[in-house]
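Novice: Take this structure, written in structure tokens, and hold onto it; I'll ask about it next.
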Amino acid sequence: MKFTKRLTDAFNEQIKAEMWSANLYSSMAIYFQSMGLAGCAHWMKKQAEEELEHANKLIEFGVTRGGEMKISSIDAVPGTWAEPKAVFEHVYKHECHVSELIDNLMDVAIAENDKATQEFLRWFVNEQVEEEENAQAILDKFNVFGVHGLYCVDHDLAKR
Ligand SMILES: [Fe+2]
Ligand SMILES: [Fe+2]
């Protein structure tokens, strides 16, 4: 069974969203790097790489299924935040939003009765649980360590 037009369009939208996410995290890496927070910057760079991997996973599957996969222009991403903690609040909010996008994509695969795509998308559903959890764990550290939160987080994130 080949990708339907509806599924192709939905996949192309998600590819765009994953690439936008990669740019968002690269922008956050620049923000931290310019502040001298090397650990946070390192974590963001890894995160950006992962988002590109997500985009490539979707592209490869789409091509394999005969979909007309396209790379569209990516909208600009934010470049400034009020403070370091606000960046991680943004990460958490963004990942919750991406989880919704993945759920919607799964809904399209179900509506199109494409079982193979539903199987494929399960990896992304699980990945989003991890993404939300990771962001939440960093925010928890800020809260637990109080004034030393930023130092602890930066030290910790260097190990990723
Ligand atoms: Fe992603
Ligand atoms: Fe993500």
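The values are calculated or read from the model by the stated rules, or taken from the named source; none is laboratory data. Predicted model only: the values in this text are computed from it and were never measured. Cβ placement follows ideal geometry from the backbone for every residue including glycine, while neighbour counts extend to all protein chains displayed. All accessible areas refer to the heavy atoms of the entire protein, side chains included, with ligands and DNA or RNA removed. Shrake-Rupley method; radii C 1.70, N 1.55, O 1.52, S 1.80 Å.
Novice: Mind pulling the angle between the C-alpha long axis of helix 5-35 and the longest principal axis of the chain? Nearest 10 degrees, somewhere in 0 to 90.
Specialist: Tilt of helix 5-35: around 10 degrees.
Novice: Send over a whole-number figure in Å² for the accessible area per residue of the chain, probe 1.4 Å.
Specialist: Values: 8560 Å² over 160 residues.
In whole numbers, the chain has 54 Å² accessible per residue.
Novice: Heavy atoms only, probe 1.4 Å: what % of the accessible area of the chain goes to carbon and sulfur, would you let me know? Provide the component values of the computation, followed by the final result.
Specialist: On the way: 4660 of 8560 Å².
Within the chain, the accessible surface is 54 percent carbon and sulfur.
Novice: Could you give the C-alpha radius of gyration of region 72-160 expressed as a fraction of 2.2 N^0.38 Å, taking N as the number of residues it contains?
Specialist: On the way: Rg = 16.7 Å, N = 89, 2.2 N^0.38 = 12.1 Å.
In units of the 2.2 N^0.38 Å rule of thumb, it is 1.38.
Novice: Next question, about the same structure. Can you give the relative contact order of the chain as a percent, counting alpha carbon pairs under 8 Å and 6+ residues apart? Working shown, then result.
Specialist: On the way: 169 pairs, mean separation 49.7, N = 160.
Computed value for the chain: 31 percent relative contact order.
Novice: Cross-link candidates for K141: which lysines have Cα within less than 19 Å, leaving aside residues fewer than 8 places away along the same chain?
Specialist: K85, K93, K159
Novice: Further, regarding this structure: Mind checking region 28-102 for trypsin sites (Lys or Arg not before Pro) that DSSP puts in a loop (not H, G, I, E or B) and that have at most 16 other Cβ atoms within 10 Å? Don't jump to the answer; show the numbers that get you there.
Specialist: Working: sites: K45, K46, K57, R65, K70, K85, K93; in loops: R65, K70.
Answer by residue number: K70.
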